1. Which residues in the stretch 156-171 place their backbone N less than 11 Å from a point set 7 Å from the Cα of residue 231 along the Cα-to-Cβ direction?
2. Working out 0.36 nm times the residue gap between residue 160 and residue 77, then minus their Cα-Cα distance, what length gain in nm do you get to one decimal?
3. Calculate for the chain the 222 nm mean residue ellipticity that helices alone would give, adding -39,500 (n - 2.57) per DSSP H run of length 4 or more and normalising by residue count, nearest 500 deg cm²/dmol.
4. How many percent of DSSP beta bridges within the chain run antiparallel, rounded to 5?
5. Give me the net charge of residue 121's neighbourhood, meaning all other residues with Cβ under 14 Å from the Cβ of residue 121; Lys, Arg count +1, Asp, Glu -1.
6. Would you mind getting me the FRET efficiency between residue 180 and residue 69? Use the beta-carbon distance for r and R0 = 35 Å, nearest 0.05.
7. What is the calculated FRET efficiency for residue 194 to residue 132, with r their C-beta to C-beta distance and R₀ = 30 Å, to the nearest 0.05?
8. Roughly speaking, what is the stretch gain from residue 38 to residue 87, that is 0.36 nm per residue apart minus the C-alpha to C-alpha distance, in nm to one decimal?
Amino acid sequence: MALDSEGRYYHIRRLEAAAPVVAAFTTRRGGVSRGHLAQCNLGLAVGDDPEAVLANRRLALDGVGLPLASVVAAEQVHGDRVARVGRGEAGRGATARETAIPGVDALITDEAGLTLMIGCADCVPVYLLAPERPAIGLAHAGWRGTVGRIAAKTVRAMTEAFGSRPEAMLAAVGPSIGPCCYEVDEPVAGPVRRAFGQAADGLLIPQDRPDRWRLDLWEANRLTLLGAGLRPENIGVAGLCTACHQDRFFSHRASDGRAGRMAALLALRPEGGSGAGAGPSTSP
Ligand SMILES: [Zn+2]
């Protein structure tokens, strides 16, 4: 993961080098929101002025060369469902929550000019790229989505829809709350043990207090991707904790739920295009 020169975005260079894609994660820098949502809150459901959020979204998308009208957002219900989207869905969830793709936490497409977007403030964004016949997937994995193996379900959906081969796919686990900060109790640890069996011993780090653990969502999602058939060398983990770096990130945990949202953005660029815009080129 590389931070751009103004500190506004992380780019996942490995994915961007493998195919004509934009794979980015926004930071809280570079927007117009104020107070605890300063500066670049992209969430429409966190009590921010909607005009400010839309201005932030335009700024954020402009900054990576993607039009806001190309965005497709998932509703994000902490479930494990995946939707295939195409140009017919362009703009869904871009400027209003109500139009987001309902009931899903992951999106896949093989169409260029469409920007998959997931809002995050601690939850894990999982980026997927099948470079051979370019197709992309983006999943939102909080603890529930992680226990539901949404990353593997997204891999499977890409295989079924596009013929993507897991052994050729690249994945990235983006910035999110790390094992350094994500303390959980039995209502979370129990489902993690049931979902991961023996491997849960390595995912739940015991704390001084009884019935308290720190949960490693990054490793849980890495294991899930390995289980889905990805090669270890093709899975990158950003290792950036949102709760540790509040100068750069919003963190739900670190701000007692009063956090703005960053966005994971993933788009296939049109052939020969520098951005995902479908409009006429104005440059020579
Ligand atoms: Zn941390």
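1. What the label zone holds, given the 11 Å backbone N cut-off, is 167-170.
2. Extra length from residue 160 to residue 77 when fully extended: 27.6 nm.
3. -6500 deg cm²/dmol
4. So the antiparallel bridges amount to about 75 percent of the total.
5. +2
6. It comes to 0.35.
7. 0.30
8. 14.4 nm
Read-outs: derived from the displayed coordinates by stated rules, not from any lab. None of these values were measured; they are calculated from a predicted model. FYI the Cβ positions are ideal-geometry reconstructions off the backbone, even for glycines, and counts take in every protein chain you see.
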